[in-house]
Amino acid sequence: MITKNGKTIHLTGRGMSYIMVENDDGDLLHFHFGRRLPDCDYADMADEWTEGLGPISNMASLDVYPQEYPAYGYTDLRRPAYGVTRESGGFVSRLRVREYKIREGTAAVDGMPCLFGGGKKAQTLEAVLCDDDIGLNVSLFYTVFDEYDIVARCAVITNRSEEDMTLNSAFSSSLDLPIGNYEMLHLSGTWGRERDIVRTPLKSGIKAEASNARGGSGHQINPFAAIAEAGAEEESGEVYGFSLIYSGNHCTAAEVDQFGFLRVMQGINPFGFQKKLSPGEAFCTPQSVLCYSDEGFGKMSREYHDVYRNNLMRGKWANEPRPVLINNWEGTYYDFTEDKLLKIAKSARGLGIDLFVLDDGWFGKRNSDNRSLGDWTVNYEKLPSGIDGLAEKINGLGMKFGLWIEPEMVNPDSELFRSHPDWIVRTADREPAQIRNQYILDLSRGEVCEYVINAVSAVLKGANIEYIKWDMNRQMTDMPYLGYNHEYTLGFYRVVSAVTEKFPNVLFEGCSAGGGRFDPGVLAYMPQIWASDNSDAVSRLKIQYGTSMCYPVSAISTHVTASPNHQCGRNTSLKTRGDTAYAGTFGYELDVTNLTDEERAEVKEQIAAYRRLQPLVREGDLYRLQSPFEGNYCSWEIVSRDRKSAFLFACKILALAQSKDARLRMRGLDENKTYVERTSKKRFSGALLMNRGIKIPYAMSDFATVTMEFEAEE
Ligand code: GLA
């Protein structure tokens, strides 16, 4: 709901208020983001910030006011939400309110994915701000939903002057929080170790920035951060989430100012960014989704999970049961023949697997990673029946067929590069760098986007392909100009939206050398993303736990692979691998023809278990119970919305002699219901499970996992 009361604009969600007030000078000030407040005019409280400041208060300086979209240079000298330079060199700006427009429904973000209404009641405020002295308009868009505690923000900046302007930065959201003791949580990592949770205290004078300028959203820093009151935990404390719906270079910046106020901004990374605005031209930022939780990180995560499942992930697969798949990559790498693939598929079918995915190596002359990206035609030497023939044979086994593709890339050794050497991302004056022997196609150009759309469409039309793994295996170097990365990102969205719209029945999975582009921008088009190339179950505890901070488990692609693990050499039991993978879109990635009869029986049970658990994975509420970042245990729980079913996963990471484990207290259940545990058939009250907790029967070994399924008695 959005209401206007005098000079106060009040945005409400399920339990939160986001309030801004306009002062007498027309500055748009931030008043409150937090628990719900009554609806009234708060404008006369807007000078509380100048109290007790001594001589500085005489200056009525914007430096002391919390603002909605701060400018630099006219008394506020903190980091601004945007920066413009005029032709004359001037870069000072000040925005004042021109008007407010409130409308039903969500905002549209030009050329980029954003939240959609999805049948839920949403309203959008457009606050139009102007700097009449330099001819600049900034429209701030805020979308709220009645049933969520989120505010989705973006800004459109328009040059209304007669001269060119240069935009040097343009954040999507800026939030000035009151004096407090805050911490920032962000997701940091590298290839094979994505989305580690890192918490940093925010102190006066120290700027904290979680940013990435590597091309895609990146393995290193995810475009998500949370600001929490110090000491906030999973289920307690005030937490503010910031999640950017964007797949390019991004930044979430926090700064505690001289008085202890905290400014947090999220958007396109200003480093490497610039945009020339001709007279009349506008620039639209991506959407930043802010979330308020008064019950710790857990509630914030569940809110993001709901919003992204219902109002971001598009298409029929977003909320459909996903097929259990087998991918041949770790089973064969490039070394396969049609015969070998069919043997694996047949064996997988016998286990109950639904979908066979052929990974890298099926096209051009691709037998290693040094050639053929760009030549998306089948290698008949390896696959004499072609992709269509292979798909038919797989379908004949009663399975769906899926294919890997990396359409944004080209190897120098390819027909595509030989015919279009000028289609790659590069500067004019330097040999571009190759990473994994490949270049990036220049998606800032319309003709290159058209080529990619047509190439992928031709592959999809050529055979009965029901799933695509869309990979992107390098970072972006040699960008030809400041702001290039954004133009590329727009091209990427243009391509994926065209392809996914053309093939609405195909299930698309995102991938970027594992989890290098695990972001809401990709999720809008592809409802599942390969979380990491590291498929080791123990490493995955942290990867999946960290990823779940912002992303729903139904989006996290998880596979059972071979032991010893190929990325870190660890031996784990088939049980540990399966148990860990249940909290995701489940599949296998190993040569199943080598499994023993005993292992085959276990895999069949795992698949049956996953089919039972899938509704919970897709729609349930996630509770993180024990963090692998904080100790020797990792556990999580998924509860159905009606609180009748629950799935519990617990892992004791290393065995310890003579150790007792604390009872595990579950969450989110109904205290008054009686739950029956599926395997032991034991009955427990919800009150006992949550308030006293239960003993977890860990086996005496490293990486001991336990799963339990609870059903409420009628
Ligand atoms: C990337 C992906 C892997 C696999 C290989 C193929 O690394 O993350 O899953 O598809 O490419 O080259």
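We did not get these values from a lab; they are worked out from the coordinates using the rules stated. Here the structure is a predicted model, which is why all the values come from computation and not from measurement. Every residue, glycine among them, receives a Cβ derived from its backbone with ideal geometry; neighbour counts consider all protein chains shown.
Data table
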{"quantity": "Pairwise centroid distance, computed over Cα atoms, of region 563-642 with region 275-340, Å", "calculated": "21 Å"}
{"quantity": "Spin-label zone in region 675-714 - amide nitrogen under 14 Å from a point set 7 Å from the Cα of K644 along the C-beta vector", "calculated": "675-676, 710-714"}
{"quantity": "Sites F271 and R692, calculated FRET efficiency, Cβ-Cβ separation with R0 56 Å, nearest 0.05", "calculated": "0.60"}
{"quantity": "Pairwise centroid distance, computed over Cα atoms, of region 402-474 with region 506-533, Å", "calculated": "17 Å"}
{"quantity": "Between 0 and 90°, nearest 10: helix 537-547 axis offset from the chain longest Cα axis", "calculated": "30 degrees"}
{"quantity": "Size of electric dipole in region 2-311: Cβ of Lys, Arg +1 and of Asp, Glu -1, about Cα centre, debye, nearest 20", "calculated": "980 debye"}
{"quantity": "Lys/Arg +1, Asp/Glu -1 at C-beta; region 633-712 dipole; positive extreme among P697, L656, T674", "calculated": "T674"}
{"quantity": "Point-charge dipole on Cβ atoms (K/R +1, D/E -1) for region 633-712, about Cα centre, debye to 20", "calculated": "240 debye"}
{"quantity": "Packing-based exposure ordering (other Cβ within 10 Å, fewest first) of T572, T477, T679", "calculated": "T679, T477, T572"}
{"quantity": "Sparsely packed GluC sites (Glu not before Pro) within region 1-90, loop by DSSP, other Cβ within 10 Å at most 11", "calculated": "E51, E87"}
{"quantity": "Net +/- balance of residues flanking A562 in space, Cβ distance below 10 Å, scoring K and R +1, D and E -1", "calculated": "-2"}
{"quantity": "Nearest-0.05 FRET efficiency for T337 and K604, computed from C-beta distance (R0 25 Å)", "calculated": "0.40"}
{"quantity": "FRET efficiency, 1/(1 + (r/R0)^6) with R0 30 Å, evaluated for T200 and N632 via beta carbons", "calculated": "0.80"}
{"quantity": "Exceeding the 30 Å Cα-Cα cut-off - candidates K275/K316; K203/K652; K400/K681; K299/K695; K652/K681; K644/K695", "calculated": "K275/K316; K203/K652; K400/K681"}
{"quantity": "Dimensions in Å of the chain - Rg and Dmax from alpha carbons", "calculated": "26.3, 83"}
{"quantity": "Neighbour-count ranking [beta-carbon atoms within 10 angstrom, fewest first] of I653, I607, I353", "calculated": "I653, I607, I353"}
{"quantity": "Cβ-based charge dipole, the chain, positive-most Cα from T477, F356, A282", "calculated": "F356"}
{"quantity": "5 angstrom amide H check on K276, placed H, neighbours 5+ away", "calculated": "L167"}
{"quantity": "Under-5 Å amide H pairs with A704, H placed in peptide plane, nonlocal only", "calculated": "K652"}
{"quantity": "Net charge of Cβ neighbours under 14 Å - reference C40; Lys, Arg +1; Asp, Glu -1", "calculated": "0"}
{"quantity": "Extension gain from R98 to N571, taking 0.36 nm per residue of separation minus the Cα-Cα distance", "calculated": "163.9 nm"}
{"quantity": "Packing-based exposure ordering (other Cβ within 10 Å, fewest first) of S701, S139", "calculated": "S701, S139"}
{"quantity": "Rg and Dmax of region 261-412, Cα atoms only, in Å", "calculated": "22.6, 66"}
{"quantity": "Residue (of G34, T12, V603) at the positive-pole extreme of the chain, dipole from beta-carbon charges", "calculated": "V603"}
{"quantity": "Net charge dipole size for the chain [Lys, Arg +1 and Asp, Glu -1 on Cβ; Debye, nearest 20]", "calculated": "2140 debye"}
{"quantity": "Sequence-distant residues sharing a close amide H with Q528 (under 5 Å, placed H)", "calculated": "G510"}
{"quantity": "All Cα pairs of region 2-311, percent lying beyond 34 Å", "calculated": "16 percent"}
{"quantity": "Ratio of the Cα radius of gyration of region 245-307 to 2.2 N^0.38 Å, where N counts its residues", "calculated": "1.48"}
{"quantity": "Loop-located GluC sites (Glu not before Pro) in region 549-645, at most 13 other Cβ atoms within 10 Å (DSSP)", "calculated": "E630"}
{"quantity": "Crossing angle, helix 386-396 versus the chain [Cα axis fit, 0-90 degrees, rounded to tens]", "calculated": "70 degrees"}
